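Trainee: For reference, the structure I am asking about is given below.
No value in this document is a laboratory result; all are computed from the given coordinates. Quick caveat: nothing in here was measured; it's all calculated off a predicted structure. Using ideal geometry, Cβ is built from the backbone for each residue, glycine included, and neighbour counts are taken over all protein chains shown.
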Amino acid sequence: MLGSGILKGLGVTAKNFVGSYHDPARMVTQEYPDTPAKLPEAYRNFPFLVTENATDPMGTLRCVACQICEKECPPQCIYIEKSKDKKPDATGKPQLYPAVFAIDTAVCMSCQLCVEVCPFDAIKMDHVFEVAATNRFEGLLLNREQLAKPNEYFHQIRPTEAAEVDGRLTAERQAAAEKAKAAAAAKAAAPKPTTPVAGVADPGPASPRPATPKPAEGGTAP
């Protein structure tokens with residue numbers, strides 16, 4: 001029949017149109033900003049610093065100010081100053097820490113290279129995209145206090161990656177603890193050197209006893 005193809009096409013359009021009001025799979029429009037946008041786990045915006053303890057963020061930063069991310073950053077938007085002293089990290093090991101850590105988000109291009117090269121899993125990519133500021137210089141230059149976020153937040157935005165990182169760090173820390181325990185046990189079991197008593201001369205090695213000459217057959221020893 002003439003026009004049957006047009007009618008079939010209109011039927012598909014009408015079906016999808018009606019479904020967009022009651023079928024959740026067809027409701028693709030998000031009422032933002034009333035409803036927060038649900039971002040995929042792989043989404044990345046600007047970096048943030050991971051801290052182990054939310055109550056003491058500056059004292060439990062994973063960052064040890066190795067400055068690898070600063071050197072590898074293509075737009076050179078990371079600025080780090082090393083501390084002059086050391087303080088215990090979350091595991092109790094004395095470490096250097098960043099006295100200054102700043103990222104200029106006006107220059108950052110969210111390439112994630114800083115995350116790739118960090119050997120301590122101290123810097124990760126954030127999901128925050130509402131970063132508008134009235135001052136393009138000071139407002140977009142984030143310091144370490146603004147960048148520090150707890151590990152719990154990392155688990156919220158990237159649960160798969162956070163679980164993998166925590167498992168690896170836990171295994172490394174357990175291996176280091178067992179190695180230190182074994183070294184301490186070996187040191188305790190090692191024999192202690194003998195201390196000579198004052199006023200007593202060391203006799204030194206014993207002199208070999210002279211051999212007694214063997215008498216010849218049929219005779220006597222001289």
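Trainee: Tell me, what is the Rg over Rh of the stretch 47-171, with Rh the Kirkwood radius over Cα pairs? Present the calculation step by step, with values, prior to reporting the outcome.
Mentor: On the way: Rg = 14.1 Å, Rh = 14.9 Å.
Radius of gyration relative to Kirkwood radius: 0.94.
Trainee: Find me the longest stretch of the chain that has none of the exposed GluC sites (Glu not before Pro), where exposed means in a DSSP loop (not H, G, I, E or B) with at most 10 other Cβ atoms within 10 Å. Write down the numbers at each step before the final one.
Mentor: Working: sites that count: Glu31, Glu130, Glu138, Glu217.
Segment 32-129 is the longest.
Trainee: Net charge around Pro159, counting only other residues with Cβ within less than 13 Å of its Cβ (Lys, Arg = +1; Asp, Glu = -1)? Before the final figure, lay out each step's value.
Mentor: Details: positive: Lys124, Arg158; negative: Glu41, Glu152, Glu161, Glu164, Asp166.
My count for the surroundings of Pro159 gives -3.
Trainee: By how many degrees, 0 to 90 and rounded to 10, does the Cα axis of helix 4-22 deviate from the longest principal axis of the chain?
Mentor: 60 degrees
Trainee: Output the 0 to 90 degree angle, nearest 10, between the alpha-carbon long axis of helix 159-189 and the longest principal axis computed from the alpha carbons of the chain.
Mentor: 10 degrees
Trainee: Before rounding to the nearest 500, sum -39500 (n - 2.57) across all DSSP H runs of length at least 4 in the chain and divide by the residue total; then give [θ] at 222 nm in deg cm²/dmol.
Mentor: Only helices count here, giving -10000 deg cm²/dmol.
Trainee: If you keep only loop residues by DSSP, which chymotrypsin sites (Phe, Trp or Tyr not before Pro) in the stretch 97-138 have at most 15 other Cβ atoms within 10 Å of their Cβ? Can you show the working numbers first?
Mentor: Numbers: sites: Phe101, Phe120, Phe129, Phe137; in loops: Phe120, Phe129, Phe137.
When the chymotrypsin sites (Phe, Trp or Tyr not before Pro) of the stretch 97-138 are filtered for loop state and at most 15 Cβ neighbours within 10 Å, Phe120, Phe129, Phe137 remain.
Trainee: Further question: Taking the chain on its own, what percent of its Cα-Cα pair distances exceed 23 Å? Intermediate values should be presented prior to the final figure.
Mentor: Numbers: 16646 of 24531 pairs.
That tail contains 68 percent of the Cα-Cα pairs.
Trainee: Send over the semi-axes of the stretch 49-112's equivalent ellipsoid, whole angstrom and largest first, taken as the square roots of 5 times the C-alpha gyration tensor eigenvalues.
Mentor: Values: eigenvalues 109, 34, 17 Å².
Over the Cα atoms of the stretch 49-112, the ellipsoid semi-axes are 23, 13, 9 Å.
Trainee: Next question, about the same structure. If each residue of separation counts as 0.36 nm, what is the full-extension length gain between Glu130 and Asp34 once their alpha-carbon separation is subtracted? Intermediate results must be reported in sequence, preceding the final value.
Mentor: On the way: separation 96, 0.36 × 96 = 34.56 nm, distance 1.39 nm.
Using 0.36 nm per residue and subtracting the Cα-Cα distance, I get 33.2 nm.
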